[in-house]
Each structure stands twice: as structure tokens, then as C-alpha cells.
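Enquirer: Structure incoming, see below.
The values are calculated or read from the model by the stated rules, or taken from the named source; none is laboratory data. None of these values were measured; they are calculated from a predicted model. Every residue, glycine among them, receives a Cβ derived from its backbone with ideal geometry; neighbour counts consider all protein chains shown. The area values use the complete protein model at the heavy-atom level, side chains included, leaving out ligands, DNA and RNA. Shrake-Rupley method; radii C 1.70, N 1.55, O 1.52, S 1.80 Å.
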Amino acid sequence: MSQLKLNLSMAAATVILFLLALAANELLLSRLEFAVGVNWIYLPAGVRLLCTLLFAEAGAVGLLAASWLVSFFYFFPHDPLRAFVGGILATVAPYGVYRIARHAYGLQASLTNLTSMNLLQCALMFSIASPALHHMWFAFYEHKANLGSSFVAMVTGDLSGTLIVLYAARFVLLRAPRA
């Protein structure tokens, strides 16, 4: 398979996994929603980090496409600026954690060289970075106040969703037959 086809396949897989995680979250966990796009358990956050760790830049491109798709057509259809920026912010945080993990842990695509502690560190970094970026936007550009409770909810939701997705993927990858 050519590198372009491989990258397109990884980006497409990211879009599909993200949309499936969002659908599962809406179906199973909608009662845990704190505000639009902020849940106490948010499985799509885990897909954001997992696909970026596994697929690198192709995952980030797929994540950007998926984030824009749901932001423009589902979460914020009447607020194009928030939808546009939200998609970028949703992509920057996991990509930044990927770059840190690549440097600090010698990240391999299979994630087999990452220990449980390394995955926990990545999840924690991401689960703070993503809400921090979003809340900076809310504070500086949307001029929202009293963001503490939504920040805590978003950190909690991103962390719980990320841990569920990452450790489920780690379990599957460790048991997959090796070529």
C-alpha cells in the first residue's frame, strides 16, 4: 500500500472511530452531559488521543476532519467561529501529547513499548491540556466567566473517557497476534 493510501486509511479510520465513540457516548452516556460537548465521561476524548498516538499526523488530520464535522453540523451549527476553533483545539491537545510521548517514551505505532504508567501520564497530560485550551478560548474570546465547574467536568470527562478507550485498546493490542 502506498504511503498516501495508508495515511488516508488512517485518517478515515480516525473519523469513523471518533464518530462511533460520539454515537456511543450520546446513546449510553447522554445523561452525564454537563454542557454541550462537556460530559462527565467522554469516550471521544479517548479516541482523540488513541488515534493520534497510533496514527500520528494522519490521525491528527482525521481528528481535525471529524471534529469539524461534528462541530459544524452537530454541536455548534449556528456558531461557525466556535465550530472552526473548537475543531482546531480538539486536535492540538492530542497532537501535542503525541509529540511529547514520541520524544519522552520513544513511542512506537503499536504502543507496546508504552507502560501502563506512560499511558496514564499521556492521558493526564491530554485531559488537562484539552480542557485548558478550550477554556482559554471560552474566557478570552467568548468572555465567559465562572468556568471552574465546566473545566473540572471536562477534565473528569476527558480523563475517564480517555482511560476507558486507551486501556481497552492496550488490552486488544497486547492480545493481537504478532506478525
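Enquirer: At 27 Å minimum axial length over the Cα atoms and a Kyte-Doolittle cut of 0.0, report the qualifying DSSP H helices in the chain, or say none.
Expert: Helix filter hits for the chain: 3-29, 80-105, 116-140, 148-175.
Enquirer: Let me ask something else. Leaving ligands, DNA and RNA out of it, report the carbon-plus-sulfur percent of the accessible area of the chain at a 1.4 Å probe.
Expert: Here carbon and sulfur together make up 71 percent of the probe-accessible area.
Enquirer: Turning to a different aspect of this structure: Give me the number: length gained by fully extending Tyr141 to Thr112, i.e. 0.36 nm times residue separation minus the C-alpha to C-alpha distance, one decimal in nm.
Expert: 6.4 nm
Enquirer: Counting only helical runs of four or more DSSP H residues, what would the 222 nm mean residue ellipticity of the chain come to if each run contributes -39,500 (n - 2.57) and the total is spread over all its residues?
Expert: Calculated from helices alone, the mean residue ellipticity at 222 nm is -26500 deg cm²/dmol.
Enquirer: List the longest stretch of the chain that has no exposed loop site; here a site is one of the trypsin sites (Lys or Arg not before Pro) assigned by DSSP to anything other than H, G, I, E or B, with at most 14 other Cβ within 10 Å.
Expert: 1-143
Enquirer: Pulled fully out, how much extra length does the chain show between Leu32 and His78, if you take 0.36 nm times their separation in residues and subtract their Cα-Cα distance?
Expert: 14.2 nm
Enquirer: In a Gaussian network model over the chain where Cα atoms closer than 10 Å are linked, find which of Thr112, Thr91, Thr14 has the largest mean-square fluctuation.
Expert: Highest fluctuation of the listed residues: Thr112.
Enquirer: Something else now. Given a 1.4 Å probe, how much area per residue of the chain is accessible, in Å²?
Expert: I get 52 Å² per residue for this part.
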